[in-house]
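Single-structure report; data block below.
The values are calculated or read from the model by the stated rules, or taken from the named source; none is laboratory data. Computed from a prediction, not measured in an experiment: that's the story for all the values here. In this analysis, Cβ positions are derived from the backbone assuming ideal geometry, glycine residues included, and neighbour counts consider all displayed protein chains. Heavy atoms of the whole protein, side chains included, go into the accessibility calculation; ligands, DNA and RNA do not. Shrake-Rupley method; radii C 1.70, N 1.55, O 1.52, S 1.80 Å.
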Amino acid sequence: MSKTGFVHACQARRRDEEERGGAGGKQAFLGMQALGNSLKMSNTDSHWGLGEESYALCFSMPPESRQGKLRLQKWFTALSDRDKKKIIRDVTQMVLARPPKACNFLQWRDLKIVYRRYASLYFCCGLEEEDNELLTLELLHRYVELLDQYFGNVCELDIIFNFEKAYFILDEFVIGGEVQETSKASVAKSMEESDSLQEVKHTHTHMFYGDFYGED
Amino acid sequence: MLSNAPVYKRSVKNIKDVYISHINGKSKEAEIKRINKELANIRSKFKGDKALDGYSKKKYVCKLLFIFLLGHDIDFGHMEAVNLLSSNKYTEKQIGYLFISVLVNSNSELIRLINNAIKNDLSSRNPTFMCLALHCIANVGSREMAEAFAGEIPRILVAGDTMDSVKQSAALCLLRLYKTSPDLVLMGEWTSRVVHLLNDQHMGVVTAAISLITCLSQKNPDEFKTCVSLAVSRLSRIVSSASTDLQDYTYYFVPAPWLSCKLLRLLQCYPPPEDGAVKGRLVECLETILNKAQEPPKSKKVQHSNAKNAILFEAISLIIHYDSEPNLLVRACNQLGQFLQHRETNLRYLALESMCTLASSEFSHEAVKTHIETVINALKTERDVSVRQRAADLLYAMCDRSNAKQIVAEMLSYLETADYSIREEMVLKVAILAEKYAVDYSWYVDTILNLIRIAGDYVSEEVWYRVIQIVINRDDVQGYAAKTVFEALQAPACHENMVKVGGYILGEFGNLIAGDPRSSPLVQFNLLHSKFHLCSVPTRALLLSAYIKFINLFPETKSTIQEVLRSDSQIRNSDVELQQRAVEYLKLSSIASTDVLATVLEEMPPFPERESSILAKLKKKKGPGAVSVNELEEGKREGELNGGGERGGDNSGIAASNASTPSPSADLLGLRTGPPVTAAAPSAGSLLVDVFSEAGVNDDGFLSSAPPSVVSEDTAPPLPESNELLNKFVCKNNGVLFENQLLQIGIKSEYRQNLGRMYLFYGNKTSVQFVTFTTTVTCPGELQSHILHIYTCKHMFILAYTCYDKLNVQTKPVEPLIEGGAQVQQVINIECLSDFCEAPLLNIKFRYGGALQNLTLKLPVTINKFFQPTEMASHDFFQRWKQLSQPQQEAQKIFKANHAMDTEVLKAKLLGLGMALLENVDPNPENFVCAGVIQTKAQQVGSLLRLEPNAQAQMYRLTLRSSKDTVSKRLCELLAEQF
């Protein structure tokens, strides 16, 4: 991806935080010990989830409004848009209301919700009764590792502006709610192959940053 | 359009602006404005005359996706995305597929176009394209896709030359299709080859394939039996491998955790292996896994321990599933016991959860019980509410006679500080345990009263109804209950539910403690009355009923109570219900003789014993999965133990009262105004009618001490008019089945052969919504040889099947909520297995403004609905008529006409009956003859009918002959009501 684009965006954000008195600034680079590579996140609380059996979500939120903003969602069962919206709303609220150091599992209706927070980004999965919670927790971790491996220092903006890559990585890793490939090397290889087929390598991201709102 | 440097710079600023405003939520309007502008722009590009090149199309489709992910609805661009699929540029194709995966519904009309593109990509032999197509199928997973590809994908999966990555995608894609449309994925030669993928060298292929195999073996265990030994040997190889053997499949020093867990999960589809060698190897594996838990960790990272423990928990699940190795079960239990005190919250949570299932195994139940102190401690000290919830669940699961008192006491004390979110459930659990393991009933009464004292707000009606049912049914506890409740009421502030229980119990059994001067009748009355003004209307109504009972129990309180009833605040109360009660009770107490009073206000008869309504409530609350069948049965058994009385003894018509009057006060005593007491009411009722007709009070027997059937949420008996309603539908299939002030039920039905389908339309006539609207179809008497309710609950849908010996009725669920003025539809499928007489019952329950409405109707399914008309000539008719000449084959009735004897109307009715109306058969043209065959699954019953009207006498003679006596009789009964 276009590194410069990312840095620009990130610096812009940090400047902005400073202007606002740095209220959320400190949060921005905390909590990354879990990962070998540092995963830098913006200060926006954001959530994601991906569901092993049932669905996957990804959302993020402005911290002051306690309402998640969805960044990525993936559903493995067919649901109506209304149901999806309701699930997203309920689960986001529940997860955000959790105190720190609480356990990573929740019961919601007949689903088990597994979530994990990376800096200010949350990943959630909804599982069915027989699914393994701990392993799903590691599934989320492995996905973050895969993102990190692909993007370098992955941050929320990577996921926002390169959402398609985030989806492609997820498709390589999980299909229909089941783990397809757990090897980091294999996923990396697939992504590499797919990127090598891109006609003009950076056009895509460029296009996206370039004139999304730029055309009048 | 193509970006260049200046634009790029400008746009970064733009993105920044938008993004910041986006996350701040400050200028939401500005954001929406910009998005709309962008959408309009994209729309105009798509609609423009100039054909867009692939690159632009991709760009705009991608923008649409981006906008969708920002949380805006997208309603166009689908066609452009589909166009991208046929591009031969990889990125364009990829974005097209992504858009479809994220935004296309499985029922979209575009599916056919998409399928075409997928078909091309699948046959392209380009692995990258094939994977894209397979991912798309797996993501959308619609039935149309299953129809198109369910045959193709297995071939790709087992073909020798398929690349590994394609195999992986194909396996999981097939799994998704199998889950959506199992009927379309046909087993075949490929199935055996799929099993052998377990031996594949590529770990990724095994990981993917095993999910498919697990799902397939759940449905076809025999066909996939061979996978057990393969899985065991694969597992054993992984478990015994060193942590570095599997290279990239080792996750934080744990070899292939995902694969191991999936293997263990697959084994849970089967019973323990029969082959001794395989079993030995498996037990060895399980032991190794248990041993590894004791080894020092190879890494301090949480990922390492999580992966390791994930396998451990899966192994424990398998051990619990086998439930045959006491040794392993106890080891598993000890391991979980260690986890109970682990510093990781996640592990404590999971240990509590797993122990819940262990508690139900006979081998480990005792071992689980040894951890009771730890669990109680967890309940008290855990900081996380979801962990405390699990602890409460486990206490509930490990409870038995030996520790019930301790556990109930702990749960009660926890209730005082419990989180609001789980209080109601806790209350139900305490109430159930107290009832289930009550050895002496004074303990039970104490517990429930404590429950009301501690968490009165969360004590639902079911709980306090139940304590009253039990007290009334067991005379050894009545005195104690009266005494305890009297003491409890002395607290300066007590919960309204306590007042209700107190009012009821003292009203019934106050005499048992009246001997003590400290609880003399007047003291009791004053105590109750001191709470009166603090209570809501329904409770006051109940108290008034208790007062009138006092007059009967203690004549010396009569004047005091009459004084109270006479006071303006009662007799002129603005609430109609209270005012009416005050007036009527006052009148009753002054007019009726002591004998009449004693009869009317007699002690309540024992309740017919029924399944604990609390258990049903808990079940409803947690979703059907939560309470095991075992538990339900146990509940029933215990219920019988506690109660005695016969099931469904005498539910008199009073239960229907809730349905006919939308009064908000549910009345325990069955003392309510309004509905007439049906013939089933005991004699006291009719006696009263006399009293009141003399006194000039115009109310039909409102005070009968009819058995209290309103107590629990059990099904009401059918409405008195339900037979009439049923008769309305003998000759027609559509119309309004029932109507009152609240609800209208319309019906449409169609029948073919022995099958029928009925559409019920429930219309809410009020402007207020009906909540918890549920309908159940049951069958009375002879139909009910066995009733089977299968509940599958996924995403809150409940599907109920009812299966009868004679009628097979399948209902689809209705929405639990009907808005004011709205109508919902329910479909009922009916299969007639053999001939029958009784109509199935349709029970409808809902809450309207808080009051439970419960009504039961007869579903208009009568045997004649399954008639197949048979045309025949005169000669044939009489020949058959003669063949059916045995006396029991004929049923005859002579009856007076209820309607005008119009020939055309009669014809229409007979045709509506479903038989063929035969012209020119009977020598007398006034008479009607009909012929038809009743189609049931078991047999066909030919029937002949002859109707002879006598216009002068306004009488009919109806004769029916059929090959089965019960059919003739039933048809005759049904038809006699029609003319």
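Considering only residues of region B:711-727 that are open to solvent by less than 20 Å² (accessible area, probe 1.4 Å) and within 23 Å of the chain's Cα centre (by Cα), which is modelled with the lowest pLDDT?
B:711
How about region B:347-379: which of its residues are open to solvent by less than 10 Å² (accessible area, probe 1.4 Å) and away from chain A (no Cβ under 14 Å)?
Those that are open to solvent by less than 10 Å² (accessible area, probe 1.4 Å) and away from chain A (no Cβ under 14 Å): B:355, B:358, B:359, B:361, B:364, B:368, B:375, B:376, B:379.
Can you find, within region A:100-123, the residue that is farthest from residue A:135 (Cα to Cα) among those that are at the interface with chain B (Cβ under 8 Å from one of its Cβ atoms) and at pLDDT below 85?
Taking the candidates together, the pick is A:109.
Looking only at region B:284-315, count how many residues are part of a loop (DSSP other than H, G, I, E, B) and open to solvent by less than 40 Å² (accessible area, probe 1.4 Å).
Result for region B:284-315: 1.
Looking at this structure, is residue B:329 within 14 Å of another protein chain (Cβ to nearest Cβ) and open to solvent by less than 10 Å² (accessible area, probe 1.4 Å)?
no
Mind listing just one residue for me: the one in region A:182-207 that is open to solvent by less than 30 Å² (accessible area, probe 1.4 Å), out of contact with any Asp or Glu (no Cβ under 6 Å at 6 or more places or on another chain) and within 7 Å of another protein chain (Cβ to nearest Cβ) and, of those, modelled with the highest pLDDT?
Top of the filtered list is A:182.
All but one of (1) open to solvent by 10 Å² or more (accessible area, probe 1.4 Å); (2) not in a helix (DSSP H, G or I) hold for residue B:185; which doesn't?
(1)
Quick one: residue B:765 ticks every box in (1) at pLDDT 75 or above; (2) within 19 Å of the chain's Cα centre (by Cα) except a single one, so which number is it?
Result: residue B:765 passes all but (2).
What's the total number of residues in region B:828-849 that are farther than 22 Å from residue B:864 by Cβ and under 20 Å from the mean Cα position of the chain (by Cα)?
Adding up the residues that qualify gives 6.
Given (1) closer than 14 Å to residue B:141 by Cα; (2) open to solvent by 40 Å² or more (accessible area, probe 1.4 Å), identify the lone condition not met by residue B:86.
(1)
How do the strands (runs of 3 or more DSSP E) wholly within region B:912-975 filter down when requiring 1 or more residues that are closer than 15 Å to residue B:871 by Cα: which remain?
B:916-918, B:928-935, B:940-950
Do we have residue A:139 as within 29 Å of residue B:308 (Cβ to Cβ), surrounded by 21 or more Cβ atoms within 10 Å (Cβ to Cβ) and more than 10 Å from every other protein chain (Cβ to nearest Cβ) here?
No; evaluated as a whole, the condition is false for this residue.
State yes or no: is residue B:324 open to solvent by 10 Å² or more (accessible area, probe 1.4 Å), among the small types (Gly, Ala, Ser) and under 39 Å from the mean Cα position of the chain (by Cα)?
Yes; evaluated as a whole, the condition is true for this residue.
Scan region B:55-64 and give yes if some residue there is touching a residue at least 40 places away in the same chain (Cβ under 8 Å) and surrounded by fewer than 19 Cβ atoms within 10 Å (Cβ to Cβ), otherwise no.
Checking region B:55-64: at least one residue is touching a residue at least 40 places away in the same chain (Cβ under 8 Å) and surrounded by fewer than 19 Cβ atoms within 10 Å (Cβ to Cβ).
Checking the condition touching a helix residue (DSSP H, G or I) at 6+ places or on another chain (Cβ under 6 Å) and either under 25 Å from residue B:315 (Cα atoms) or within 14 Å of chain A (Cβ to nearest Cβ) (or both), which residue from B:242, B:256 passes?
B:256 is the lone residue from the list that is touching a helix residue (DSSP H, G or I) at 6+ places or on another chain (Cβ under 6 Å) and either under 25 Å from residue B:315 (Cα atoms) or within 14 Å of chain A (Cβ to nearest Cβ) (or both).
Does residue B:214 count as at the interface with another protein chain (Cβ under 8 Å from one of its Cβ atoms) and among the hydroxyl-bearing types (Ser, Thr, Tyr)?
It is false that residue B:214 is at the interface with another protein chain (Cβ under 8 Å from one of its Cβ atoms) and among the hydroxyl-bearing types (Ser, Thr, Tyr).
Do we find a residue being more than 9 Å from chain B (Cβ to nearest Cβ), buried (at least 21 other Cβ atoms within 10 Å of the Cβ) and at pLDDT below 50 anywhere in region A:34-41?
Taking every residue of region A:34-41 in turn, at least one turns out to be more than 9 Å from chain B (Cβ to nearest Cβ), buried (at least 21 other Cβ atoms within 10 Å of the Cβ) and at pLDDT below 50.
Would it be correct to say that residue B:130 is among the aliphatic types (A, V, I, L, M), under 21 Å from residue A:193 (Cα atoms), open to solvent by 30 Å² or more (accessible area, probe 1.4 Å) and within 14 Å of chain A (Cβ to nearest Cβ)?
Against the criterion (among the aliphatic types (A, V, I, L, M), under 21 Å from residue A:193 (Cα atoms), open to solvent by 30 Å² or more (accessible area, probe 1.4 Å) and within 14 Å of chain A (Cβ to nearest Cβ)), residue B:130 does not qualify.
Return the pair list, or none, for Cβ contacts closer than 6 Å from residues in region B:514-532 that are within 15 Å of residue B:545 (Cα to Cα) to residues that are in a helix (DSSP H, G or I) and hydroxyl-bearing (Ser, Thr, Tyr), at least 6 apart or on different chains.
These pairs meet every condition: B:525/B:557.
Quick one: count up the residues across region B:598-615 that are at pLDDT 70 or above, open to solvent by 10 Å² or more (accessible area, probe 1.4 Å) and closer than 14 Å to residue B:433 by Cα.
Adding up the residues that qualify gives 0.
Which of the residues that make up region B:929-979 are hydrophobic (A, V, I, L, M, F, W, C) and open to solvent by 30 Å² or more (accessible area, probe 1.4 Å)?
Result: B:933, B:938, B:951, B:953, B:955.
Do we have residue B:169 as closer than 14 Å to residue A:180 by Cβ and crowded, with 21+ Cβ neighbours inside 10 Å here?
Against the criterion (closer than 14 Å to residue A:180 by Cβ and crowded, with 21+ Cβ neighbours inside 10 Å), residue B:169 qualifies.
Among the candidates B:905, B:921, single out the residue that is in contact with a His (Cβ under 8 Å, 6 or more places away or on another chain), open to solvent by less than 90 Å² (accessible area, probe 1.4 Å) and at pLDDT below 85.
Criteria check complete, one pass: B:905.
In region B:451-469, what residues are more than 18 Å from residue B:423 (Cα to Cα) and touching a helix residue (DSSP H, G or I) at 6+ places or on another chain (Cβ under 6 Å)?
Correct list: B:466, B:467, B:468.
Assess whether residue A:78 counts as being within 9 Å of chain B (Cβ to nearest Cβ), farther than 27 Å from residue B:140 by Cβ, assigned to a loop (DSSP other than H, G, I, E, B) and touching a helix residue (DSSP H, G or I) at 6+ places or on another chain (Cβ under 9 Å).
no
Only one of B:553, B:618 is out of contact with any Leu (no Cβ under 6 Å at 6 or more places or on another chain) and surrounded by 18 or more Cβ atoms within 10 Å (Cβ to Cβ); which?
Among B:553, B:618, only B:553 is out of contact with any Leu (no Cβ under 6 Å at 6 or more places or on another chain) and surrounded by 18 or more Cβ atoms within 10 Å (Cβ to Cβ).
May I ask you to verify whether residue B:900 is modelled with pLDDT under 80, among the small types (Gly, Ala, Ser) and more than 36 Å from the chain's Cα centre (by Cα)?
yes
Results for (1) surrounded by 21 or more Cβ atoms within 10 Å (Cβ to Cβ); (2) more than 38 Å from the chain's Cα centre (by Cα), shown as yes or no for each residue.
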position	(1), (2)
B:95	yes, yes
B:103	no, no
B:114	yes, no
B:119	no, yes
B:123	no, yes
B:142	yes, no
B:163	no, yes
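Could you please let me know if residue B:77 is on the phi > 0 side of the Ramachandran plot and within 12 Å of chain A (Cβ to nearest Cβ)?
When the stated conditions are applied, residue B:77 does not pass them.
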